[in-house]
Structures are given as C-alpha cells and as structure tokens.
Amino acid sequence: MDFDDQLRRYFGSTDLASLTPGGVDAGVERMAVDFGMEQDRGRRFALWTVMHLFGAAPDLDVAFKDEEDRNAARDFMDMLARAEES
C-alpha cells in the first residue's frame with residue numbers, strides 16, 4: 001500500500017493543499033471505516049499511520065491487539081516527533 005495510493009483512495013487527490021476541510025473530514029471518515037473492517041495487520045498499520053498524520057488515529061490499545069504492533073506505532077510516533085524537532 002503506497003502513500004499516494006492511500007491519498008487518492010480516501011481523498012481523491014495526492015495534493016493535500018487542494019483539499020477542502022470537508023474533503024479531509026470525509027476522507028478521514030472513510031479511512032476509519034476501512035480501518036475498523038481491515039483484518040490484515042500490515043494494511044491496518046498503514047491506515048493507522050495515515051490517520052495519525054491527520055490527527056484521527058484511535059488510541060494504540062484500541063487500534064492494535066498485538067503488543068508488537070503497538071510498539072511499532074510508538075516507534076512511528078517517536079520518529080515523527082524527532083523529525084518535527086529538526
């Protein structure tokens with residue numbers, strides 16, 4: 001699952017600057033529905049990361065049953081925080 005593919009699927013564009021607030025909300029809602037139905041761990045994680053970027057990801061204990069997945073999500077959040085500090 002490619003980031004640009006996710007943007008096209010949920011927001012209809014890879015140009016985030018062109019999205020209206022309503023378009024962002026609708027795309028995030030579609031992601032949340034797909035996230036709730038997705039069974040594949042990798043795809044769930046990919047959806048969660050994009051939802052996190054939009055400030056809409058569910059809490060880790062709700063999102064991931066497996067501790068390994070929660071730790072990977074924590075690592076992702078730490079990586080983003082370090083990038084923002086740079």
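In segment 10-40, of all residues being of a type in the set (Asp, Glu) and in contact with a helix residue (DSSP H, G or I) (Cβ under 7 Å, 6 or more places away or on another chain), the one that is farthest from residue 51 (Cα to Cα) corresponds to 38.
For segment 14-55, a tally of residues being surrounded by fewer than 11 Cβ atoms within 10 Å (Cβ to Cβ) and either acidic (Asp, Glu) or not in a helix (DSSP H, G or I) (or both) returns 5. If you go through segment 46-86 and keep only what is over 19 Å from residue 6 (Cβ atoms) and in contact with a Lys or Arg (Cβ under 8 Å, 6 or more places away or on another chain), you end up with 60, 61, 66.
Among the residues here, residue 73 does not qualify as hydrophobic (A, V, I, L, M, F, W, C) and surrounded by fewer than 17 Cβ atoms within 10 Å (Cβ to Cβ).
Count of segment 1-13 residues, restricted to those that are more than 21 Å from residue 41 (Cβ to Cβ) and either loosely packed, with under 12 Cβ neighbours inside 10 Å or of a type in the set (Ser, Thr, Tyr) (or both), is 2.
Annotation: residue 73 fulfils all but one of (1) at positive phi; (2) in a helix (DSSP H, G or I); (3) not β-branched (Val, Ile, Thr); the unmet one is (1).
Each reported figure results from applying straightforward, stated rules to the coordinates on display, with no laboratory input. These figures come from a predicted structure and were not determined experimentally. Glycine gets a Cβ as well: all are built from the backbone with ideal geometry, and neighbour counts include every protein chain shown.
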